[in-house]
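One structure is given here, and the rest of the page talks about it.
The values are calculated or read from the model by the stated rules, or taken from the named source; none is laboratory data. Not measured: the values here are computed from a predicted model. As a convention, Cβ positions derive from the backbone with ideal geometry for all residues, glycine included, and neighbour counts pool all protein chains shown.
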Amino acid sequence: MHEAKKQHETSPGIKRILIVDDHPVVRQGLAQFINQEPGLEVCAEAGNVKEALEAIEKQKFDLAVVDMLLENTTGIQVTKILKSRCPGLRVLILSMSDEPYYIKGAFQAGAQGYITKEEVAEEIINAIRQVLDSKIYLSGRVAQKFPRRTLDRIRAGDLEDSVWEY
């Protein structure tokens, strides 16, 4: 686990972010462009579930950006674990996959957003800000996988099994 800054060094009003991805270059790249944004700070990076749990035990985060496919687990499982330990933590899934199975699982596990890794940096920042503002976020490519009524229900927070028509 890499801690970007110590807890006491964070300015008031700054949204604290944890990145969970098993590829160091992805974590570092995300951290670099997120840290350039006003009001956002990556305070820790984790390469697996154990490191993510160690991070949330040491400090409080507003948002976790979680890769969907990690070595030996999924972002769905990581989201469930993080949300069980920190119910108020907001989660944005960042994934190579736009498969409805993963999207459904992510939201049912407690994620508030899902974006594909093919998006540009500005759109990832937009997703982060929307999720931090308590909104549900789906990237354009992901949204195309669902009928309009399903999207409206997902965005309204209705995540029951009957919602997931595709």
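Residues in segment 57-70 that are surrounded by fewer than 16 Cβ atoms within 10 Å (Cβ to Cβ) and touching a strand residue (DSSP E or B) at 6+ places or on another chain (Cβ under 8 Å): 58, 60, 69. Scan segment 102-124 and report the pairs whose first residue is surrounded by fewer than 17 Cβ atoms within 10 Å (Cβ to Cβ) and whose second residue is among the β-branched types (Val, Ile, Thr) and assigned to a strand (DSSP E or B), with Cβ atoms within less than 9 Å and a gap of 6+ or a chain change. Close Cβ pairs satisfying both conditions: 123/115. Restricting the search to strands (runs of 3 or more DSSP E) fully inside segment 3-120 and requiring at least 3 residues that are farther than 22 Å from residue 141 by Cα gives 15-20, 40-46. Using the structure shown, decide if residue 137 is at pLDDT below 95, surrounded by fewer than 20 Cβ atoms within 10 Å (Cβ to Cβ) and of a type in the set (Phe, Trp, Tyr). Criteria not met by residue 137.
For the list (1) within 14 Å of the chain's Cα centre (by Cα); (2) more than 21 Å from residue 16 (Cα to Cα); (3) surrounded by fewer than 19 Cβ atoms within 10 Å (Cβ to Cβ), I need the number of the one condition that residue 73 fails. Result: residue 73 fails condition (1) only.
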